[in-house]
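Trainee: Once you've had a glance at the structure underneath, I'll fire off some questions.
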């Protein structure tokens, strides 16, 4: 098992406000997460994979433009 991040830590790792991350979760577009008790948690590798996917998506959009 990799390192688990709290919502605040995941937001900090992605350099986005916590409310933005909460919005992405509500929209179903954020990184994979789960509830552990009452707390929203993220696996560090899921956050990294989400960022990598966004970078790839942006590069593909720029290449096709």
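Trainee: If we count other beta carbons within 10 Å of each Cβ, what is the order of 44, 61, fewest first?
Mentor: Values: 44 15, 61 9.
Sorted ascending by nearby Cβ count, the order is 61, 44.
Trainee: Now, a different point. Rank the residues 42, 34 as a footprinting-exposure proxy: fewest other Cβ atoms within 10 Å of their Cβ go first.
Mentor: Final ranking by Cβ density, sparse to dense: 34, 42.
Trainee: Sort 7, 21, 36 so that the residue with the fewest other Cβ atoms within 10 Å of its own Cβ comes first and the one with the most comes last.
Mentor: The fewest-first ordering by Cβ neighbours comes to 36, 7, 21.
Trainee: While we're here: Helix 44-64: angle to the longest alpha-carbon principal axis of the chain, degrees 0 to 90, nearest 10?
Mentor: 20
Trainee: Over all directions, what mean area does the Cα convex hull of the chain project, stated in square nanometres?
Mentor: Mean projected area of the Cα convex hull: 4.9 nm².
Trainee: Hey, what did the chain get for relative contact order, percent, Cα under 8 Å, at least 6 apart?
Mentor: Relative contact order for the chain comes out at 35 percent.
Every number here is computed from the coordinates shown, using simple stated rules; none is lab data. Quick caveat, the model's predicted, so the values are computed rather than measured. Positions of Cβ are backbone-derived with ideal geometry, glycine not excepted, and every protein chain shown enters the neighbour counts.
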